[in-house]
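*Asks:* Pasting in a structure now, in structure tokens, and then I'll have a few things to ask.
The values are calculated or read from the model by the stated rules, or taken from the named source; none is laboratory data. Note that the coordinates shown come from a computational prediction; the quantities given were computed from them, not determined experimentally. FYI the Cβ positions are ideal-geometry reconstructions off the backbone, even for glycines, and counts take in every protein chain you see.
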Amino acid sequence: MKIRPIRVRKQPQTECNKCPIRDMALFQGVPLNRLDWTQKYRDQQLIVPPKATLYAEGSKPDYVYTLFNGWMAMYQTSRNGKRQILRFALPGDFLGFQADSNGVISHSVSAITESIVCAFPRGKLVELFKNQPMLALRLASMEARDMSLCQHHQSFRSSKDSHESIAFLLLELYHRTRMQMRHNFDPVTNTIDFPLTQEDIGDAVGLTNIHVNRVLKQFRKLGLIECRHRKLQILGEEKLAEIGEFDKSLITKGDYFVISER
């Protein structure tokens, strides 16, 4: 399948002071009367088609990004070409900041669904943080939460079994989607939009497609989930959390430094 190119979103692009994801993004606490000033740091919004690469491991991206809409995957590629997904990005997540002192990025990011990102020139970050010092604290807290999730997944790869790893991942994404993509959550049925394939899940937890399929079938048989037609329904959250040793406070409490508007 031919992958469509990334393109600039047509005008009018979303204005920062009308942004529906601002309370989850880097600019969460910027006062409304300063959002026009903040927006001058955003260069443009880009549409990233499914499977398109926003930036590649080993490159020097000129931009950092806020994911405005869609699902993306952050991953590294081994010498034999195997993809290892570090985490899944959802709206509000900040991408591309994790470069070394030479500006080289250690991972790739590609779109799972058609996605929209807000692009900020990397060269303007120092000026941005100088003018809004609290944003540096906000970013540090966002990075700390994401690192904590990555550490959990790495730990599961080395010490947990397949049921624990997949249960944790499903609940992580379930609760993150409830927070970061509220319009994609049905509270009546406890269902979220879930565009991941078994290959995506396997690359995130270090398992083969066959093994992932086996575990998902077992979870269905136990009445814990339904996963079909790009939807995930959680039917037995308490039991699933017990299997995955999952604590939703990792997602819902204290993970972000909240800036108060002034």
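*Asks:* Would you confirm whether or not the range 170-183 contains a residue that is among the hydroxyl-bearing types (Ser, Thr, Tyr), closer than 16 Å to Leu240 by Cα, surrounded by 15 or more Cβ atoms within 10 Å (Cβ to Cβ) and in contact with a Lys or Arg (Cβ under 8 Å, 6 or more places away or on another chain)?
*Replies:* The answer is no, given that none of the residues of the range 170-183 is among the hydroxyl-bearing types (Ser, Thr, Tyr), closer than 16 Å to Leu240 by Cα, surrounded by 15 or more Cβ atoms within 10 Å (Cβ to Cβ) and in contact with a Lys or Arg (Cβ under 8 Å, 6 or more places away or on another chain).
*Asks:* Residue under question is Ala119, and the condition is that it be within 25 Å of Ala167 (Cβ to Cβ), modelled with pLDDT of 95 or more and either in the same structural domain as Pro31 (by TED's automatic domain parsing) or surrounded by fewer than 16 Cβ atoms within 10 Å (Cβ to Cβ) (or both); does it hold?
*Replies:* Taking the combined requirement at face value, the residue does not satisfy it.
*Asks:* Restrict the check to the range 149-163 and report whether at least one residue is under 30 Å from Cys19 (Cα atoms) and touching a residue at least 40 places away in the same chain (Cβ under 8 Å).
*Replies:* Taking every residue of the range 149-163 in turn, at least one turns out to be under 30 Å from Cys19 (Cα atoms) and touching a residue at least 40 places away in the same chain (Cβ under 8 Å).
*Asks:* Name, by its number, the condition in (1) out of contact with any helix residue (DSSP H, G or I) (no Cβ under 8 Å at 6 or more places or on another chain); (2) over 27 Å from Val205 (Cβ atoms); (3) in the same structural domain as Thr53 (by TED's automatic domain parsing) that does not hold for Ala89.
*Replies:* (2)
*Asks:* Can I ask one more? Go through the range 230-249 and report how many residues are under 21 Å from the mean Cα position of the chain (by Cα) and either within 19 Å of Val188 (Cα to Cα) or among the aromatic types (Phe, Trp, Tyr) (or both).
*Replies:* 6
*Asks:* For the range 80-105, enumerate the residues that are within 10 Å of the chain's Cα centre (by Cα) and not aliphatic (A, V, I, L, M).
*Replies:* Hits for the range 80-105 are Arg87, Phe88, Pro91, Gly92, Asp93, Phe94.
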